[in-house]
Every structure is written in structure tokens, then in C-alpha cells.
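Structure first, then comments.
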Amino acid sequence: MTSDAAVPAGSTGDGPGPVWWRFGHDAILVEFTDAADRWAFRCPGADELVVGARTVLVRYDPGRHHPADLMAGAHLGAERTGNVRTHTVPVVYDGPDLTAVASARGLSTGELIARHSAVTYRAEFCGFAPGFAYLSGLDPVLHHPRLMTPRTRVPRGAVAVADSYCAVYPTDSPGGWNLLGRTTEHLFDATAPRPALISPGDLVRFEVVT
Amino acid sequence: MIVVESPGLFASVQDTGRVGWSEVGVGRSGAFDTGAAGLADRLVGNAESAAVIEAVGGGLRLRAADRTVVAVTGAHGPLTVAGRPAPRNAPVTLSTDDTLELGPPTVGLRSYIAVRGGIAVPAVLGSRSWDSLGRVGPDPLEIGDWLPVGAPRGNGPLVEVAPVGPPGPAVLDVAAAPRRGWFTDAAWQTLLDTAWLVLPTSDRVGIRLAGPVLDRHDDRRGAELAPEPMVRGAIQVPPDGRPIILGPDHPTTGGYPVIAVVDVAGVARCAHLVPGETVRLRAILDAGR
């Protein structure tokens, strides 16, 4: 599935193809058997593609396109490697939940920091707040449930984990994730030409600041 | 220029929304009752994409710093200009220093005020809409704000009044949505048979409903949905069973299964649901899945 040849969606790959659903008057939700196909999905004529964890939302102008035509023209192209950017985010690991998560996982804080900063994460999708990217790749040892009671205020730049995901809070907001550290990087600025630092598909590494 | 003498209960600037940023978590936002906002613009000769003021409830008081033409649509209720009753759904001329005041709505909740030329506050990411969830766009109106007005286009209003009534009965047309299959047929029937109570926590993010629990199939009980993109009008069903109809400021992705989607007219009607009233849902097609 590396060529950009037009393969009709629904019959791509060896296994069962993606599943399509109408989702309101101007959108289609496409669910993939292999979540990695999200990065190769193309849909000519669509106004906007929005990625989820296993899905892509196709938004279109119902005055100009019929959903059946969009489905017929959709295909898997080359993975968007050309657009993938790698971000190195400096982190001071002094979050309020650092020691609690470490002891719950049977680690010293030093071991937790080493494991958290050792891997390259991928931004799977955004949500919750502008610029809030869900990063996959977290060491399974660090998978930890979110707080029973969310905090009413998490500061901008907080680096946090919940379940299998890692994230950086782009703005001050409420939040229920476990806070491991903080960065001074700006994750979201609505006035910048590229408002979000991290887009879906991007790679992220954390660099320990001591 | 328009001067905000009082924002009333709550008022913000809205247009047709912020397109193209959902992928990085910035939703579309925009006027909740799109039909009413577009009508207000047309009545004063604006393009339908021109920014208007969306006012919740009553109490909004504006002063015209210059002579201008405005139109108020959406909810029904008292409207005065320079202290005298004025019509809704009609172009109304304000002389310099005239004030316009919205009384409490008698039917509906949100009113739209278009000014000839459009509200011309700076756009953020291509839109003048205030997004209450993402906190993007021009801040909600406050006492003493000065709102710039754009240059008028064309020849101005051509009609004297638009023959529209107040918002109709709270009955929303819905179609089955991607995760309809997570729920039992009995749950689908319950969705359509229930007079759902509108909760006071409802806002531009979503209309929150109370009623009977909508049961999932046994094999979906306790299951987590991998977060997926959301749309305006989607009815999410959290485990507590209380459905949420997503409004214009909905999160771009969500982890609760969506059983149904409210159609465009129904979402506009949601802009006028008042906490404590009941709303009914009606299937567009005689199809459950």
C-alpha cells in the first residue's frame, strides 16, 4: 500500500476493508481495520479530514458532492511521511504525580524518567483542547489510570500520562491526567501561522532537563 | 461602532464557524441557530457569513455610535429601540446614540443581532466566532466593549419584515449514527419514546438530557470506544446513560459512543432549548441501524 494508485476504499489490503458510515448531513466516518491506514487515507473532494484513534472523519460540502462519489474516489496513498515532523520537547520532571506514579508502578523516579524519555512517541489524534495531542508509544510499565478526581486547573506545559497515552497540556485547563513534569514549549498559539506545535502523525521525543 | 452597554445573561460574536482546524483540536464553533443568524444577516443586506451577536436570554443593551441598520432574529420576545417597541425579524434603523434592548424571550433562548456591514472584530484562525470550549476567538461581550462594524455591501435591505414565527415545538429529527450498533433495539426505541428533560448544565458545548438509561448490548457493556471525531448534532451516550447532543463548541474528538445524529434544523432548534423543558426525538427514516 505504498503507491498512490487509486484503490477503492472498502476493498483495500488483504483483510476486510474500512467501514463507512454517514455521520450527519455533511460527514462520513471511516473506521479502519489497521489503524495505520489512517495516515495513508486520501479522499479527493473532501473539505477536511479529521483523524481519530482508529477512524477518519471526512467532511464535505453536500451541495457539491454525494457521499457515494467520495467513497468511490477514496484510496490509500503513500503514508504522509513528508509532512511528519519530529519535535524534541525539553521537560523538567518535577510533576506533582511523579512519585505516586513511580511507586505505583514499582519504579524509582529516576527509572520512571528514564523510561518516559527513552521512547519516540507518535501523535495519534487531537482533542480535548486546541493543540492537545494524544501521544502513543508510552512504555507499558508506565500505563496508569487517570486521577479519580480531575484537577480543576492543570498549568500550560504540564507533561502527563493516562492509560496508554502521554500528552502535554497546551493551555491552562481542568484535567485528570497524572502530571509527571513540565515544559516551557508553547504547544498552541492561535495567532501563529502554525497554531499547533504537534499535528497528528508527528513524532515527539522528551529530553530531560536537569 | 456598536457600544455594549450590557451583555445581558451572556453574549458573544459568532459567524459561520472556523473551518479546517479540527485536526489539531480546534472545533468549528459558529452560531448555534445557523438559520436565524443567516436570516439576520440577510435582513440587513450582509453576506450570511458576516459576524453577528448571539445573545442568550434577555438583557442585552447596545448603543449605536453611528447611524446604522440592525435586525434581531431567533428567540421571540420584547425588543425596544430608543425605548419604543421594535419588530424582530425586520431591519430596524438606529440613529446615532439610539439604544437597542432585548427583553427576556417569551419563546426560545438565543437571539441574533446583525448590524449592517457585520461585526468586524479581528478574526482568529479565519473566524470571528467565540469558541467556549477551545477558548479561541473574540472574548464574550462585556460592558463597555466597542465593536467595530464593517463596510456595508450592496444596496441595503430590500424587505420590511421576514415572515417567520417563533421557534417551533421541541421535536428533533434524528438519524442512526455510527455506534447505533452498540445499543439494543429497546434502547433505540427508548430514545424515540422518551420526553427528555433539558438539564441546566446545557450550553454551546452540548445539550445535556436526563431520562431513562439507554442500554448497550451485553458485549459492549463496560467497553471503551477508541476516541473518534465528533460532529455537531451527534448524540453521545456516556455510561451514566445521560445523552448529550453536541452543540457548536463540541470537542473535536470524543470517547463516548454516538447513537444518533440530530439533523441541521434540529440542531438549530437546540439553540432554543431552555433548562427544565422537555424535548422529543423522531427518527427521520424508519431504520434503526
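If B:Thr252 passes every condition in (1) more than 14 Å from chain A (Cβ to nearest Cβ); (2) surrounded by 15 or more Cβ atoms within 10 Å (Cβ to Cβ); (3) among the polar types (S, T, N, Q) but one, which one does it miss?
So the condition that B:Thr252 fails would be (1).
With the requirement that a residue be touching a Lys or Arg at 6+ places or on another chain (Cβ under 8 Å) and either closer than 13 Å to B:Arg128 by Cβ or more than 14 Å from chain A (Cβ to nearest Cβ) (or both), what does region B:29-53 give you? Reasoning before the result, please.
Going residue by residue through region B:29-53, those that are touching a Lys or Arg at 6+ places or on another chain (Cβ under 8 Å) are B:29-30, B:32-33, B:36, B:44-48, B:51.
Within region B:29-53, B:Ser29, B:Gly30, B:Phe32, B:Asp33, B:Ala36, B:Val44, B:Gly45, B:Asn46, B:Ala47, B:Ala51 qualify.
Anything in region A:25-49 that is assigned to a strand (DSSP E or B) and either on the phi > 0 side of the Ramachandran plot or touching a residue at least 12 places away in the same chain (Cβ under 8 Å) (or both)? List them, or say none.
Initial filter on region A:25-49 (assigned to a strand (DSSP E or B)): A:27-31, A:41-42, A:48-49.
Of everything in region A:25-49, those that are assigned to a strand (DSSP E or B) and either on the phi > 0 side of the Ramachandran plot or touching a residue at least 12 places away in the same chain (Cβ under 8 Å) (or both) turn out to be A:Ala27, A:Ile28, A:Leu29, A:Val30, A:Glu31, A:Phe41, A:Arg42.
Among A:Glu185, A:Glu207, which is acidic (Asp, Glu), closer than 28 Å to B:Val124 by Cβ and away from chain B (no Cβ under 14 Å)? Full working, then the answer.
On the way: A:Glu207 fails: closer than 28 Å to B:Val124 by Cβ.
None of the others qualify; the one that does is A:Glu185.
Got at least one residue in region A:53-61 being under 25 Å from B:Val258 (Cβ atoms) and surrounded by fewer than 16 Cβ atoms within 10 Å (Cβ to Cβ)?
Here is the first cut: in region A:53-61, the residues under 25 Å from B:Val258 (Cβ atoms) are A:53-61.
Going one step further and asking which of them are surrounded by fewer than 16 Cβ atoms within 10 Å (Cβ to Cβ), we end up with A:61.
The answer is yes, given that some residue of region A:53-61 is under 25 Å from B:Val258 (Cβ atoms) and surrounded by fewer than 16 Cβ atoms within 10 Å (Cβ to Cβ).
Check B:Leu172, B:Leu125, B:Leu133, B:Leu158 and return the single one that is within 14 Å of chain A (Cβ to nearest Cβ) and modelled with pLDDT under 95.
Working: B:Leu172 fails: modelled with pLDDT under 95; B:Leu125 fails: modelled with pLDDT under 95; B:Leu158 fails: within 14 Å of chain A (Cβ to nearest Cβ).
None of the other options fit; the residue is B:Leu133.
Hey, could you check region B:257-285 for residues that are charged (D, E, K, R) and in a loop (DSSP other than H, G, I, E, B) and say which is farthest from the other protein chains (Cβ to nearest Cβ)?
Checking each candidate, the answer is B:Glu277.
With the requirement that a residue be of a type in the set (Gly, Ala, Ser), in contact with a Pro (Cβ under 9 Å, 6 or more places away or on another chain) and surrounded by 14 or more Cβ atoms within 10 Å (Cβ to Cβ), what does region B:263-285 give you? Step through it out loud before you land on a result.
We begin by selecting, within region B:263-285, every residue of a type in the set (Gly, Ala, Ser); these are B:265-266, B:268, B:271, B:276, B:283.
Checking which are in contact with a Pro (Cβ under 9 Å, 6 or more places away or on another chain) leaves us with B:268, B:271, B:276.
Result: B:Ala268, B:Ala271.
Residue by residue through region A:17-46, note down the ones that are facing another protein chain (nearest Cβ under 7 Å) and within 18 Å of B:Thr253 (Cβ to Cβ).
A:Trp21, A:Phe23, A:Gly24, A:Ala27, A:Leu29
Could you tell me whether region B:180-193 includes any residue that is assigned by TED's automatic domain parsing to the domain that holds B:Gly59 and either basic (Lys, Arg) or in contact with a helix residue (DSSP H, G or I) (Cβ under 7 Å, 6 or more places away or on another chain) (or both)? Even if it seems obvious, please write down each step before you answer.
Going through region B:180-193, the residues assigned by TED's automatic domain parsing to the domain that holds B:Gly59 turn out to be none.
Checked against the condition, which is being assigned by TED's automatic domain parsing to the domain that holds B:Gly59 and either basic (Lys, Arg) or in contact with a helix residue (DSSP H, G or I) (Cβ under 7 Å, 6 or more places away or on another chain) (or both), region B:180-193 yields no hits at all.
Could you pull out the residue among B:Pro212, B:Pro239, B:Pro243 that is closer than 24 Å to A:Leu57 by Cα, assigned by TED's automatic domain parsing to the domain that holds B:Asp193 and modelled with pLDDT of 90 or more? Give the steps one after another, and end with the answer.
On the way: B:Pro212 fails: closer than 24 Å to A:Leu57 by Cα; B:Pro239 fails: modelled with pLDDT of 90 or more.
Of B:Pro212, B:Pro239, B:Pro243, the one residue that is closer than 24 Å to A:Leu57 by Cα, assigned by TED's automatic domain parsing to the domain that holds B:Asp193 and modelled with pLDDT of 90 or more is B:Pro243.
How many residues are without any contact (Cβ under 8 Å) to a residue 24 or more places away in the chain and not β-branched (Val, Ile, Thr) if we restrict to region A:129-185? Reasoning before the result, please.
We begin by selecting, within region A:129-185, every residue without any contact (Cβ under 8 Å) to a residue 24 or more places away in the chain; these are A:143, A:145, A:148, A:152-153, A:162-163, A:172.
In the following step, the residues that additionally are not β-branched (Val, Ile, Thr) were identified as A:143, A:145, A:148, A:153, A:162-163, A:172.
Residues meeting the conditions: 7.
Picking from A:Arg194, A:Arg122, which residue would you name as being under 25 Å from A:Leu57 (Cβ atoms), basic (Lys, Arg) and within 11 Å of chain B (Cβ to nearest Cβ)?
The unique qualifying residue is A:Arg194.
Could we say that B:Trp188 is within 14 Å of chain A (Cβ to nearest Cβ), in contact (Cβ under 8 Å) with a residue 24 or more places away in the chain and either in contact with a Gly (Cβ under 6 Å, 6 or more places away or on another chain) or surrounded by 13 or more Cβ atoms within 10 Å (Cβ to Cβ) (or both) here? Full working, then the answer.
Numbers: within 14 Å of chain A (Cβ to nearest Cβ): no; in contact (Cβ under 8 Å) with a residue 24 or more places away in the chain: yes; either in contact with a Gly (Cβ under 6 Å, 6 or more places away or on another chain) or surrounded by 13 or more Cβ atoms within 10 Å (Cβ to Cβ) (or both): yes.
Against the criterion (within 14 Å of chain A (Cβ to nearest Cβ), in contact (Cβ under 8 Å) with a residue 24 or more places away in the chain and either in contact with a Gly (Cβ under 6 Å, 6 or more places away or on another chain) or surrounded by 13 or more Cβ atoms within 10 Å (Cβ to Cβ) (or both)), B:Trp188 does not qualify.
Any residue at all in region A:52-74 that is of a type in the set (Asp, Glu), in a loop (DSSP other than H, G, I, E, B) and more than 11 Å from every other protein chain (Cβ to nearest Cβ)?
No: zero hits.
Looking at (1) of a type outside the set (D, E, K, R); (2) assigned to a loop (DSSP other than H, G, I, E, B); (3) assigned by TED's automatic domain parsing to the domain that holds B:Arg204, find the lone condition where B:Pro138 falls short.
Evaluating B:Pro138 over (1) of a type outside the set (D, E, K, R); (2) assigned to a loop (DSSP other than H, G, I, E, B); (3) assigned by TED's automatic domain parsing to the domain that holds B:Arg204 leaves (3) as the failure.
Among strands (runs of 3 or more DSSP E) lying entirely in region A:107-209, which contain 3 or more residues that are buried (at least 16 other Cβ atoms within 10 Å of the Cβ)? Show your work before the answer.
Working: elements: A:120-126, A:133-136, A:151-154, A:158-162, A:165-168, A:173-175, A:178-182, A:203-208.
So the answer is A:120-126, A:133-136, A:158-162, A:165-168, A:178-182, A:203-208.
Could you check how many residues of region B:60-89 are over 17 Å from B:Leu147 (Cβ atoms) and surrounded by fewer than 17 Cβ atoms within 10 Å (Cβ to Cβ)?
Summing the residues that are over 17 Å from B:Leu147 (Cβ atoms) and surrounded by fewer than 17 Cβ atoms within 10 Å (Cβ to Cβ) in region B:60-89 gives 7.
Among the residues that make up region B:204-227, is at least one of them within 18 Å of B:Gly17 (Cα to Cα) and more than 14 Å from chain A (Cβ to nearest Cβ)?
Here is the first cut: in region B:204-227, the residues within 18 Å of B:Gly17 (Cα to Cα) are B:204-206.
This time we only want the ones that are more than 14 Å from chain A (Cβ to nearest Cβ), so: B:204, B:206.
Yes, some residue in region B:204-227 is within 18 Å of B:Gly17 (Cα to Cα) and more than 14 Å from chain A (Cβ to nearest Cβ).
Residue by residue through region B:80-110, note down the ones that are under 19 Å from B:Gln14 (Cβ atoms) and either touching a Lys or Arg at 6+ places or on another chain (Cβ under 8 Å) or among the hydrophobic types (A, V, I, L, M, F, W, C) (or both).
Once the filter is applied, which keeps residues that are under 19 Å from B:Gln14 (Cβ atoms) and either touching a Lys or Arg at 6+ places or on another chain (Cβ under 8 Å) or among the hydrophobic types (A, V, I, L, M, F, W, C) (or both), region B:80-110 yields B:Leu100, B:Leu102, B:Leu109.
The values are calculated or read from the model by the stated rules, or taken from the named source; none is laboratory data. On a predicted model such as this, the values are computed, not experimentally measured, just so you know. Don't worry about glycine lacking a Cβ; one is built from the backbone with ideal geometry, like all the others, and counts go over all protein chains shown.
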